[in-house]
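The values are calculated or read from the model by the stated rules, or taken from the named source; none is laboratory data. Everything numeric here is computed off the predicted structure, so don't read it as measured data. Cβ atoms come from the backbone with ideal geometry, glycine included; neighbour counts cover every protein chain shown. The protein model used for the area step is the full one, side chains on, heavy atoms only, and it has no ligands, DNA or RNA in it. Shrake-Rupley method; radii C 1.70, N 1.55, O 1.52, S 1.80 Å.
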Amino acid sequence: MNSIAPLLLIGSLPALAGDPSLKAQPDPTGKAKYVERSRIIVDLDGDGTNDMLLSGSPEEFGTMGGPWSVHLNQDGDFKRIGEVWAHPLAISFEPDQARIHTDPKTQRFARVWVYLKASGSAGSFGYFRVGKNCVDEMASIEIYPGDGGTDIGRTVYESAFNKSPIPFKIQRSTTTEDGIVSWNEDKR
């Protein structure tokens, strides 16, 4: 019976080793040992398994959001394919019509829609396209939502972020003094 326990532990290591969200993030400011992050669990490539967007450190975020590394789940190993800039309350996902392409140069699985706030009434609205090995640069336009904005700007914003065509969950980390990371649903 003792010989089985080590085999089970070893068998579970590859799945854990492949998930970058389970690695504690050191606090670059030195005020604490570790910082907490957010992650978004979403099936970007439509294969039925959860992929992930993992936030940077809190000091990288402002009112317009911050950097998120994009990781596709490939057989339990998360492959980092690029980065998006987003605020977790202004993000939505939709299937890209280029999902059916077979050429990796043109195939794109999803669009990550974001709004990057520039002021109380203006910002960049657009999307990043996610492929098998890349995240394309953001395609965007300026819109005017918010109190000082326009009806069109507010309608565009609400349409994009009211309900995501691809469902997702936002989670927040909790890290122990020993560097063990756990994830819970973000209650924002």
Amide H neighbours of S121 at under 5 Å, excluding residues fewer than 5 places away on the same chain, with H built from the backbone geometry, are none
Can you give me the % of accessible surface on segment 91-188 that is carbon or sulfur? Probe 1.4 Å, all protein chains present, nothing else counted.
49 percent
Return, for the Cα atoms of the chain, the radius of gyration and Dmax in Å, separated by a comma.
18.5, 69
Quick one: 3J(HN,Hα) in Hz for segment 25-32, Karplus 6.51/-1.76/1.60 with θ = phi - 60°, rounded, Gly and Pro as x.
9, x, 7, x, 7, x, 6, 9
Below 22 Å, Cα to Cα, which lysines can K23 reach? Residues fewer than 8 away in the same chain don't count.
K31, K33, K79, K169
Orientation-averaged projected area, Cα convex hull of segment 123-188 (nm²)
7.4 nm²
Cα centroids of segment 45-76 and segment 117-148: how far apart, whole angstrom?
16 Å
Counting only residues 5 or more places away or on other chains, whose amide H sits under 5 Å from the amide H of Y115 once H atoms are built in the peptide plane?
H87
Candidate aspartates and glutamates for bridging to K187, where Cα separation is under 17 Å - those fewer than 8 sequence places away on the same chain excluded:
E36
Per DSSP, the loop-located trypsin sites (Lys or Arg not before Pro) within segment 147-185 having at most 11 other beta carbons within 10 Å are K163
